Amino acid sequence: MQLREFLPKVINGDFLDALHKARSLDTFAGQHSGAAVREQSQEQQQQLKQECLHLYSRLDAAQSECQREREEKLVLRERLWESREQLQQQAEFCTGLGAATCTVLWSASRREEAVRDILADGKLEPFLSVAGQTLESFVKSLDEEEKTQQQNYNSHEHQFVLALAGVITNLAAVACGRDFISSSAHVLLDTLMQLLGLMKSGVFPKLKVLMLMALYNVSLSVNGLTYISESPALLPLICTLLEDRDSEVCLQALRLLQSLLVEGELLAQINPDLQLSLPVERIHQLASSRHSALRQTAQEMLEDIKCVTKTCHRTSEKEQ
């Protein structure tokens, strides 16, 4: 009843007019606002189209660049294969040339006059340094499978290192060359002993024989014998080599050990305990070998051990 009484007073004509005007303004604003939104949306769409076109343009440029790089990569790969093939050919040529040259030098170094001429040129020290590095690189490059399998040692590379070792052996076989190596090529001697320790039984026996012969020739010099005898690894190395499957390796190892025992007094001064470490049992086995030279050397070695033992007993009795 109160609403019926007061509503006509509140909701009069002026209020209704104001309400109609407000609705009209809202409609007009909504129409203009929708137009503005549509215009803004169109502008955004246009901007997006421009950005999309720009991205398409960049994509085309990137694809073209990728294709160009792919073609360049194919060209470079082809050139790389060609370079590898040329490098392989050059390496084979250099290895063959080195093998032939060192073989000729190996043959020439058998003459004492040739060794004297080589010493006179003053180039022996750098040659021995390069030879030692080459042998070391070759031995260390053998992988484990190759070390445990019988190989064909007729390649240029194998002939090359064999010839190098042969030259060193021949140089040490001449007195002047032996003296030079004993005094000025200690690194080479250490390298030879180290490499002999790295090579397994039955692996490249020809190379082992040549290196052992080189050490044996050096041991014929007092200075050379003194130097190699001071190496704590020498006797264990010889004991290992005496177990090698190749008879020639055992023979040369035995000859080297025999050379150490020849100078009894010198040996006692250098390594008094060496006699206690001699592989006598193995030498007895070798004394029964079918290899005639090995058998004879082993028997001589046993006699030398007896003589050295008697000499050392006499020396100790005199000191007491």
Complete set of residues in the range 69-127 that are basic (Lys, Arg) and under 18 Å from residue 168 (Cβ atoms): 110, 111, 116, 123
Which one of the conditions (1) assigned to a helix (DSSP H, G or I); (2) surrounded by 10 or more Cβ atoms within 10 Å (Cβ to Cβ) does residue 110 fail to meet, given that it meets all the rest? (1)
Answer yes if at least one residue in the range 146-159 is farther than 30 Å from residue 201 by Cβ, modelled with pLDDT of 90 or more and part of a helix (DSSP H, G or I), and no otherwise. no
Only one of 268, 298 that is at pLDDT 60 or above, touching a helix residue (DSSP H, G or I) at 6+ places or on another chain (Cβ under 9 Å) and not polar (S, T, N, Q): 298
Identify the single condition in (1) modelled with pLDDT under 90; (2) outside any helix (DSSP H, G or I); (3) closer than 30 Å to residue 103 by Cβ that residue 231 does not satisfy, given that it satisfies every other one. (3)
Just to be sure I understand, how many residues within the range 214-248 are within 17 Å of residue 176 (Cα to Cα) and buried (at least 22 other Cβ atoms within 10 Å of the Cβ)? 7
Over the range 185-202, the set of residues at pLDDT below 90 and either assigned to a helix (DSSP H, G or I) or farther than 17 Å from residue 251 by Cβ (or both) is 200
Taking the conditions exactly as written (outside any loop (DSSP other than H, G, I, E, B), among the basic types (Lys, Arg) and crowded, with 18+ Cβ neighbours inside 10 Å), does residue 178 satisfy them or not? yes
Restricting attention to the range 186-238, which residues are over 19 Å from residue 168 (Cα atoms) and among the charged types (D, E, K, R)? 200, 230
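The values are calculated or read from the model by the stated rules, or taken from the named source; none is laboratory data. Note that the structure is a prediction, hence the values are computed from the model and not measured. Positions of Cβ are generated from backbone atoms using ideal geometry, with glycine treated the same way; all protein chains shown enter the neighbour counts.
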